[in-house]
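Reading through the C-alpha cells given below for one structure.
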Amino acid sequence: MPTARRVSESVNSNPGSGQNPRDALSRVRIVLANPSHPGNIGAAARAMKTMDLARLILVRPKKFPDPEATARAAGAGDLLARAVVCDTLDQALSGTVFAVALSARHRNLGPQRLQAREAAATILENAEAGDVALVFGNETTGLSNEEVQRCQRTVFIPANPEYSSLNLGAAVQVMSYELRLAACGGRPIEVTRTVPFRSPPAGSDDIERFYAHLERVTIRTGFLDPKQPKRLMAKIRRLFGRTGLERDEINILRGMLDAVERAGERR
Ligand code: SAH
C-alpha cells in the first residue's frame with residue numbers, strides 16, 4: 001500500500017480563481033475510493049485529461065503505481081505522476097467545500113440525489129467558493145453508506161435501468177465530460193489542429209478566361225453548337241457563380257480543359 005504523501009499541500013492546493021472555465025475545472029478533485037484495478041486508475045487519468053481535469057486522488061488503491069495504470073493512462077501519465085495517494089476519504093476531502101458521491105444505487109436516507117447533468121452545474125457553482133470533489137467507489141463493492149454520507153449529494157448517471165453500473169473509468173469519463181460541458185456554458189470551443197485548406201478567390205479575369213476556354217472546348221468537342229447555343233453559357237455562369245470559385249479550382253478546371261483539347265488533337 002503506498003503511504004499517504006504530500007496530503008496537506010497537494011490535496012489542498014487551490015490553483016486560482018476567476019471566471020475562466022479552466023479555473024473552475026482546476027478546483028475539481030476526482031477521488032477514487034479503494035480502486036482495485038490499476039487499469040481503471042489509468043483510464044480515469046486519461047478520461048480526466050481529455051476533459052481538462054488534472055487532480056486525481058486515490059484512497060487506498062490496491063495497486064499503485066503499476067505498469068497497467070501507466071499503460072491505460074496513455075498520454076496522461078503526468079496526471080498519474082501528480083496523483084495524490086491518501087489513507088482515508090477524510091484526507092482526500094480535506095479542504096473541500098463540496099463533495100458528491102457517484103453511485104448508481106438508491107440509498108435510503110442518503111444525501112439528495114442528482115442526475116449527472118444537473119450535478120455538474122451544481123458542482124461548478126460550488127467550485128466558485130473552493131475545492132470540490134467527485135467520489136467514485138470500488139469496482140465491485142461501490143461506495144459504502146459511510147462514504148456516501150461524507151458527501152453533500154449523491155449523483156447518478158442515468159443509464160439503462162436494467163444494467164446501470166458503468167465501468168469505473170467510463171463513469172469518470174461521463175462526469176468529466178459533463179463538467180467540461182458545464183464549464184464551457186454547454187459549448188466547448190472546438191479546437192482543430194489541422195489548418196483548413198484555403199485558396200484565394202479567383203479574380204474576374206481568371207474566371208472570364210475560364211468561361212472562354214470552356215466555350216471553346218464545348219464547341220470543339222461538338223457539345224455546343226454556336227448557331228444554337230440555347231443560353232448554355234449563361235447557365236454555366238449561373239452554376240459557377242453560386243460556388244465562389246477559388247484560384248486553385250480555376251487552375252484545376254483549366255487543366256482539365258487543356259487535357260480535353262490535347263486528347264482531341266491526338267485523335
Ligand atoms: N457494483 C458497484 C458499482 C461499481 S462501478 C455498485 O453496485 O455500487 C464503480 C463506480 O463507478 C461506482 O462506485 C460509482 O462511483 C461509479 N458508477 C458506475 N456506474 C454509475 C452510475 N450509473 N451512476 C453513478 N456512478 C456510477
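Seen against the Cα atoms of the chain and their longest principal axis, helix 204-220 is set at about 60 degrees.
If you wrap the Cα atoms of the stretch 155-267 in a convex hull and average its projected area over all directions, you get 15.4 nm². Highest average first, the peptides 110-120, 83-93 ordered by how many other beta carbon atoms sit within 10 Å of their residues are 83-93, 110-120.
Taking the average, over residues, of other Cβ atoms within 10 Å as the packing measure, peptides 232-241, 71-80 rank 71-80, 232-241 from highest down.
Of the GluC sites (Glu not before Pro) found in the stretch 178-267, those in coil by DSSP whose Cβ has at most 16 other Cβ atoms within 10 Å are Glu190. Roughly what % of Cα-Cα distances in the stretch 51-95 sit above 14 Å, to the whole percent? So the portion of pairs separated by more than 14 Å is 52 percent. Projecting the Cα positions of Ile189, Ala129, Leu232 onto the charge dipole of the chain (unit charges on Cβ atoms of Lys, Arg, Asp and Glu, taken about the Cα centre) puts Leu232 furthest along the positive direction. Under the shape rule built on the C-alpha gyration tensor, where the axes satisfy a ≥ b ≥ c, the stretch 204-266 is oblate, since a/c reaches at least 1.5 while a/b does not exceed b/c.
With 10 Å bins beginning at zero, the pair-distance distribution over Cα atoms of the stretch 96-164 amounts to 21, 54, 23, 2 %.
Accessible area per residue, 1.4 Å probe, Å², for the stretch 160-242: what's the number?
Dividing the accessible area of the stretch 160-242 by its residue count gives 76 Å².
Which of rounded, prolate, oblate describes the stretch 5-183, given a ≥ b ≥ c as roots of the alpha-carbon gyration tensor eigenvalues and a/c under 1.5 marking rounded, otherwise prolate only if a/b is larger than b/c? It is rounded, given that a/c, with a ≥ b ≥ c, falls under 1.5. Only Cα pairs under 8 Å and 6+ residues apart enter the sum, and on that basis the relative contact order of the chain stands at 20 percent.
Of the solvent-accessible surface of the stretch 97-210, computed with a 1.4 Å probe and all protein chains present, 50% belongs to carbon and sulfur. Legend: residues Lys227, Lys63, Lys49, sorted from most to least accessible area (1.4 Å probe; ligands, DNA and RNA excluded), read Lys227, Lys63, Lys49.
The values are calculated or read from the model by the stated rules, or taken from the named source; none is laboratory data. No experiment lies behind these values; they were computed from the predicted model shown. Here Cβ is always computed from backbone atoms with ideal geometry, including for glycine, and neighbour counts include all displayed protein chains. Surface areas here come from the heavy atoms of the whole protein model, side chains and all, with no ligands, DNA or RNA. Shrake-Rupley method; radii C 1.70, N 1.55, O 1.52, S 1.80 Å.
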